[in-house]
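What follows is a set of notes on a single structure, which appears directly below.
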Amino acid sequence: MRRAGGAGGRAVGGSLRAAPGAAPLLALSQVSAASVERLQTGIGELDRVLGGGLVPGSLVLLGGSPGIGKSTLTNMALGNLAGTGCKTLYVSGEESAEQVRLRAERLSPNALEVPVLAETDLDAVLDAIATHAPAVCVVDSVQTLRCSELSGAPGSVGQVREVAAQIMELAKQRQIAVVLVGHVTKDGALAGPRVLEHLVDCVLQFEGERERPYRELRALKNRFGSTNEAGLFEMRQGGLVEVLDASARFVAEATRAPGSVVLAAMEGSRPLLVEVQALVADSELEQPRRVVSGLDRNRLALVLAILGRHGGVGVGGRDVFVNVVGGVRVDEPGVDLAIALAVASAARGVALRGSPCGCFGELGLTGELRWVGHPERRLAEAARHGLEGIVAPAGSGEGAHEAATLREALSAVFPTSRTRPASLAA
Ligand code: TYD
Ligand code: MG
């Protein structure tokens with residue numbers, strides 16, 4: 001940093017004179033910001049999560065556990081781009097060119113047009129990128145490349161950092177959009193992609209359960225768009241298919257059995273109806289199980305405490321399982337009420353009134369039901385799929401069955417507002 005020194009930098013006659021040689025400064029309004037042309041991958045959900053497509057010269061990290069579909073997604077995107085005449089390159093450090101071809105055959109004819117380089121030596125990869133000058137390049141995966149100047153094994157923190165840094169330098173120089181694929185274990189522990197988060201422009205996370213067809217793509221960081229967006233896919237024989245009306249599906253599949261409730265959630269700017277299921281069962285363990293999938297475990301603990309203290313529904317020493325159906329993950333406060341109603345319904349063995357019964361709302365520690373964002377969009381989505389009388393916090397608006405407290409919400413959803421049997425007390 002240079003500081004203006006001597007008289008040259010001082011205010012003279014009320015105005016600042018820059019020291020000779022100092023870099024001129026511009027107000028933000030004078031900075032030219034040409035709108036960037038984005039490269040559409042042709043996969044609507046992916047483009048939306050990216051903020052409108054890939055930005056030339058940007059570095060995107062696509063993380064996810066093995067087998068989730070990262071290679072499939074990137075192969076499909078490159079195929080579509082190649083189909084529009086865009087120059088692409090797929091660097092595979094994991095699979096042989098034959099293996100990549102076999103996958104591409106299942107995807108689309110365009111996927112077979114993508115040039116592939118099966119290579120793990122960083123210098124060879126950089127050479128290929130510099131020579132072929134693609135507009136979009138996928139490196140699958142960043143953990144398999146090796147920089148010969150460093151001693152660590154491929155995938156070690158030092159190697160991953162160096163590989164990413166060198167690729168980034170080239171990408172920025174040549175305005176190449178690069179997608180780095182990285183494996184992350186469930187707890188994000190594996191050395192590798194996490195250390196790159198600060199370096200790249202965009203971090204996408206591909207998640208879901210391997211055994212189930214639904215996959216969710218989220219932006220954890222995005223310098224060129226919102227991090228609230230999420231895209232939903234289904235893994236099929238011919239690759240990943242965008243799930244455009246997920247709400248319709250989840251509502252149709254909702255079981256309406258005791259322990260089931262439909263949550264009107266927000267996935268970024270989009271409303272999504274998902275089924276939340278709970279099971280409360282006698283435990284054989286001293287410390288009963290609290291198992292969640294698609295939710296934060298601490299959230300369940302909190303809701304169980306509120307349910308016991310303010311809702312009169314205790315689960316005591318029984319095991320509690322709560323699952324967001326379809327492998328979707330819900331990370332918003334509006335899920336509290338769904339957890340509470342599903343657990344209460346499961347604990348009582350009674351299906352909720354008007355099942356599938358819909359709800360949303362955050363629970364406060366004193367048992368109050370708190371307002372959450374975009375009630376009108378949630379209610380409209382519910383109405384569109386035939387759900388009426390959504391239980392929601394006060395102030396949510398027309399069409400909602402408003403409740404101020406957890407107790408009011410509970411009495412709204414149980415067929416008779418009888419008091420709980422004593423056997424269910426904590
Ligand atoms: P893959 O993209 O190789 O996962 P990742 O690169 O994240 O490790 O694909 C994962 C799984 O998807 C694989 O087990 C096979 C399955 N799959 C399909 O079901 N249909 C398809 O068309 C393709 C290409 C893969
Ligand atoms: Mg792969």
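Laboratory data are not the source of any read-out in this text; all were calculated from the coordinates shown. Keep in mind the model is a prediction, meaning the values are calculated, not measured. Positions of Cβ are backbone-derived with ideal geometry, glycine not excepted, and every protein chain shown enters the neighbour counts.
Structure data summary
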quantity: Karplus (6.51, -1.76, 1.60) ³J(HN,Hα), θ = phi - 60°, over the range 328-333, in Hz, Gly and Pro reported as x; calculated: 7, 10, 10, 10, 8, x
quantity: Directionally averaged projected area (convex hull, Cα atoms, the chain), nm²; calculated: 28.6
quantity: Exposed GluC sites (Glu not before Pro) absent - longest run of the chain, DSSP non-H/G/I/E/B, at most 15 other C-beta within 10 Å; calculated: 38-148
quantity: Percent of beta bridges antiparallel (DSSP, the chain, rounded to nearest 5); calculated: 50
quantity: Efficiency of FRET from Cβ geometry, Ser29 and Val350, R₀ 51 Å, rounded to 0.05; calculated: 0.25
quantity: Two-site label geometry, Ser226 and Ala165: point separation in nm, points 7 Å out along Cα→Cβ; calculated: 3.6
quantity: Span-rule helices in the chain, defined as complete DSSP H runs reaching 18 Å or more along the axis (Cα) with Kyte mean at least -0.5; calculated: 70-83, 157-174, 297-310, 335-348
quantity: Span from the the range 93-132 Cα centroid across to the the range 145-176 one, whole angstrom; calculated: 18
quantity: The range 296-415 - Rg over Rh from alpha carbon coordinates, Kirkwood radius; calculated: 0.93
quantity: All aspartates and glutamates inside 16 Å of Lys70 as judged from Cα atoms, apart from same-chain residues fewer than 8 positions distant; calculated: Glu45, Asp47, Glu94, Glu95, Asp140, Glu207, Glu209, Glu211, Glu216, Glu234, Glu242
quantity: Choice from Gly399, Gly85, Gly44 showing the highest fluctuation, given a GNM over the chain with Cα pairs closer than 10 Å; calculated: Gly85
quantity: Shape of the range 238-365, Cα gyration tensor, a/c cut at 1.5; calculated: prolate
quantity: Student exercise, the chain dipole from Lys, Arg, Asp, Glu Cβ charges, in Debye to nearest 20; calculated: 1020
quantity: HN-Hα J in Hz across the range 37-54 - Karplus 6.51, -1.76, 1.60, θ = phi - 60°, x for Gly and Pro; calculated: 6, 9, 9, 7, 7, x, 9, x, 5, 5, 4, 5, 5, 6, x, x, x, 7
quantity: Burial ordering of Phe360, Phe206, Phe414, fewest other beta-carbon atoms within 10 Å first; calculated: Phe414, Phe206, Phe360
quantity: Computed helical MRE - 222 nm, the chain, DSSP H runs ≥ 4 contributing -39500 (n - 2.57), nearest 500; calculated: -8500 deg cm²/dmol
quantity: Spatial separation of Cα centroids for the range 204-240 and the range 278-332, in angstrom; calculated: 25
quantity: DSSP bridge pairs, the range 276-426: antiparallel proportion in percent, nearest 5; calculated: 50
quantity: Spherically averaged projected area of the range 63-221 from its Cα convex hull (nm²); calculated: 9.0
quantity: Cβ-Cβ FRET estimate between Arg289 and Val157, R0 fixed at 35 Å, reported to 0.05; calculated: 0.50
quantity: Charge dipole magnitude, Cβ of K and R +1, D and E -1 - the range 99-255, Cα centre, debye nearest 20; calculated: 160
